[in-house]
Number of protein chains: 2
Amino acid sequence: MTESPQVHVIIPFRPVNPKTRLSDVMDQEEREAFARAMLGDVVSVLWEAGCSPSLLSTVPFEFHGVRTYVDTRELNEALNAYLSQQEKPVLIIMSDLPLITPDAVRRLIAGTADVGIVPGRGGGTNVLYVRKPQEYHVDYYGASYCDHVRIAEDAGLSYEVIDSFFMSTDIDEKEDLVEILIHGRGRSRGFLTEIGLTLSLEHGRVGIQRSSHE
Amino acid sequence: MTESPQVHVIIPFRPVNPKTRLSDVMDQEEREAFARAMLGDVVSVLWEAGCSPSLLSTVPFEFHGVRTYVDTRELNEALNAYLSQQEKPVLIIMSDLPLITPDAVRRLIAGTADVGIVPGRGGGTNVLYVRKPQEYHVDYYGASYCDHVRIAEDAGLSYEVIDSFFMSTDIDEKEDLVEILIHGRGRSRGFLTEIGLTLSLEHGRVGIQRSSHE
């Protein structure tokens, strides 16, 4: 075992009015606090895995001294501008992956292909490890997993798929919160518990309920 | 690297009228053929990973010479009766996991805890590796993942969670078929293509559409 090199990570983050699909269980202020809790879980795990995280935000944002790049362009444009300036490998990771573990990050970094891809459900891309950033570009939205495979192939780059449930679990909808309550151990789980969200069981299916404030 | 021992696997399988939640995209005959296609993918991968699969069915069923135990009791009762008679480690794997890979199965088998658990989404349990079958019992349905952790703890057995997107992806609903069309390479993917199912993209979300038979 050799010491992992300090891997540069860029985390796109939207501090204002994020996660609108959770609006029926959280108001805007809660969604913003929840997004920061998930980001905190991601950043902690990255530090534990020996990585060096930075944020990419459309507005100035201060988060525990983590370096923040402010770029008002849309996600793909901002990320591709960033990649074109990097000479060392770059890990791009979404901020809504509160279940990621140091082990999963280490498995990703330990790969050898030019591009490591962690699929999300529904054709998404949750994490990309780009070892030759000036030869690659990203294309999020839609079936981005298929696009990211194709972009690697078109550029003559090798790729590998990293098989991780915890990294594939992005939190977008109410049903996704079940996974945090079952598997989470960090700030995100604590936040959900604080606002009164608990698991419910109806007709054998596990769901989410919010206790009233009465 | 040492050669893996031949691990015994038991696969619960329902040949008649399975996967009723797929009824709006497949009729009963198609669902039965699709269930066999998924089973074929699972059995092939297990063989490739050096395992020895058997089936557990409520009715007599012949599948490529794979040994079939017929047990008319409900799932938990039948599996627990089976476990109580085994002296060697037993792998219990569901038949609707067509994306499993030999690598994921090997990671599970390479573990050292008394119980290896692969969670499915929503608190389910997709794969269990039970190294001391006479000291453990299963309890599927509901939040079975939490139950399986608790049963291990109550029995004084160690457990570990195996982190695999491909093993965590069970196919129950129409939306799950997206994962097969994107990531699958086996019979299940071939079957879906044959009956005319393809990916669709609406408002940036990936879905499934079935071409008409006109």
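When A:ASP27 is tested against (1) over 13 Å from A:SER95 (Cα atoms); (2) in contact with a helix residue (DSSP H, G or I) (Cβ under 7 Å, 6 or more places away or on another chain), exactly one condition is not met: (2). Number of residues in region B:88-110 that are touching a Phe, Trp or Tyr at 6+ places or on another chain (Cβ under 7 Å), in a loop (DSSP other than H, G, I, E, B) and over 28 Å from B:GLU175 (Cβ atoms): the value is 1. Per the listing B:ILE171, B:ILE208, B:ILE180, the residue uniquely in a loop (DSSP other than H, G, I, E, B) and either modelled with pLDDT of 95 or more or aliphatic (A, V, I, L, M) (or both) is B:ILE171.
Checked against (1) under 22 Å from A:ASP170 (Cα atoms); (2) touching a residue at least 12 places away in the same chain (Cβ under 8 Å); (3) of a type in the set (Asp, Glu), A:GLU74 passes all but condition (2).
Looking only at region B:68-83, decide whether some residue is touching a Lys or Arg at 6+ places or on another chain (Cβ under 8 Å), open to solvent by 10 Å² or more (accessible area, probe 1.4 Å), more than 14 Å from chain A (Cβ to nearest Cβ) and not in a helix (DSSP H, G or I). Checked region B:68-83: no residue is touching a Lys or Arg at 6+ places or on another chain (Cβ under 8 Å), open to solvent by 10 Å² or more (accessible area, probe 1.4 Å), more than 14 Å from chain A (Cβ to nearest Cβ) and not in a helix (DSSP H, G or I).
Among the residues of region A:6-34, write down those that are open to solvent by 20 Å² or more (accessible area, probe 1.4 Å), touching a residue at least 40 places away in the same chain (Cβ under 8 Å), more than 20 Å from A:SER44 (Cβ to Cβ) and not in a loop (DSSP other than H, G, I, E, B). Those that are open to solvent by 20 Å² or more (accessible area, probe 1.4 Å), touching a residue at least 40 places away in the same chain (Cβ under 8 Å), more than 20 Å from A:SER44 (Cβ to Cβ) and not in a loop (DSSP other than H, G, I, E, B): A:ARG21, A:GLU30. On the stretch given as region B:181-201, residues that are open to solvent by less than 30 Å² (accessible area, probe 1.4 Å) and either free of Cβ contacts under 8 Å to residues at least 40 places away in the same chain or within 12 Å of another protein chain (Cβ to nearest Cβ) (or both) total 5. Applying the set (1) facing chain A (nearest Cβ under 10 Å); (2) buried (at least 19 other Cβ atoms within 10 Å of the Cβ) to B:GLY204 leaves exactly one unmet item: (2).
Within region A:130-178, the only residue that satisfies the criterion of being open to solvent by 20 Å² or more (accessible area, probe 1.4 Å), aromatic (Phe, Trp, Tyr) and over 19 Å from A:ALA104 (Cβ atoms) is A:TYR141.
Mind checking whether some residue in region A:189-200 is in contact with a Phe, Trp or Tyr (Cβ under 7 Å, 6 or more places away or on another chain), charged (D, E, K, R) and either in a loop (DSSP other than H, G, I, E, B) or within 17 Å of A:LEU39 (Cα to Cα) (or both)?
Kept after step one, since they are in contact with a Phe, Trp or Tyr (Cβ under 7 Å, 6 or more places away or on another chain), are these residues of region A:189-200: A:191.
Filter again for charged (D, E, K, R), leaving none.
No, there is no match, as no residue in region A:189-200 is in contact with a Phe, Trp or Tyr (Cβ under 7 Å, 6 or more places away or on another chain), charged (D, E, K, R) and either in a loop (DSSP other than H, G, I, E, B) or within 17 Å of A:LEU39 (Cα to Cα) (or both).
Give B:VAL90, B:VAL118, B:VAL105, B:VAL127 a once-over and let me know the one that is within 12 Å of another protein chain (Cβ to nearest Cβ), touching a Leu at 6+ places or on another chain (Cβ under 7 Å), surrounded by 19 or more Cβ atoms within 10 Å (Cβ to Cβ) and farther than 28 Å from A:HIS203 by Cβ.
Numbers: B:VAL90 fails: within 12 Å of another protein chain (Cβ to nearest Cβ); B:VAL118 fails: farther than 28 Å from A:HIS203 by Cβ; B:VAL127 fails: farther than 28 Å from A:HIS203 by Cβ.
Within the list B:VAL90, B:VAL118, B:VAL105, B:VAL127, the selection yields B:VAL105.
The set of residues in region B:130-161 that are more than 11 Å from every other protein chain (Cβ to nearest Cβ), part of a loop (DSSP other than H, G, I, E, B) and not acidic (Asp, Glu) comprises B:ARG131, B:LYS132, B:TYR136, B:HIS137, B:VAL138, B:ALA155, B:GLY156, B:LEU157, B:SER158.
Restricting the first member to region A:37-52 and to residues that are part of a strand (DSSP E or B), and the second to residues that are among the hydrophobic types (A, V, I, L, M, F, W, C), the beta-carbon pairs closer than 6 Å and six or more apart or on different chains are A:CYS51/A:VAL7; A:CYS51/A:VAL9.
For region B:37-46, the count of residues that are in contact with a strand residue (DSSP E or B) (Cβ under 7 Å, 6 or more places away or on another chain) and exposed (fewer than 13 other Cβ atoms within 10 Å of the Cβ) is zero.
The values are calculated or read from the model by the stated rules, or taken from the named source; none is laboratory data. Everything numeric in this text was worked out from a predicted model, so none of it was measured. All Cβ positions, glycine included, derive from the backbone under ideal geometry; neighbour counts span all protein chains shown. Remember, those area values only see protein heavy atoms, side chains included, never the ligands or the DNA or RNA. Shrake-Rupley method; radii C 1.70, N 1.55, O 1.52, S 1.80 Å.
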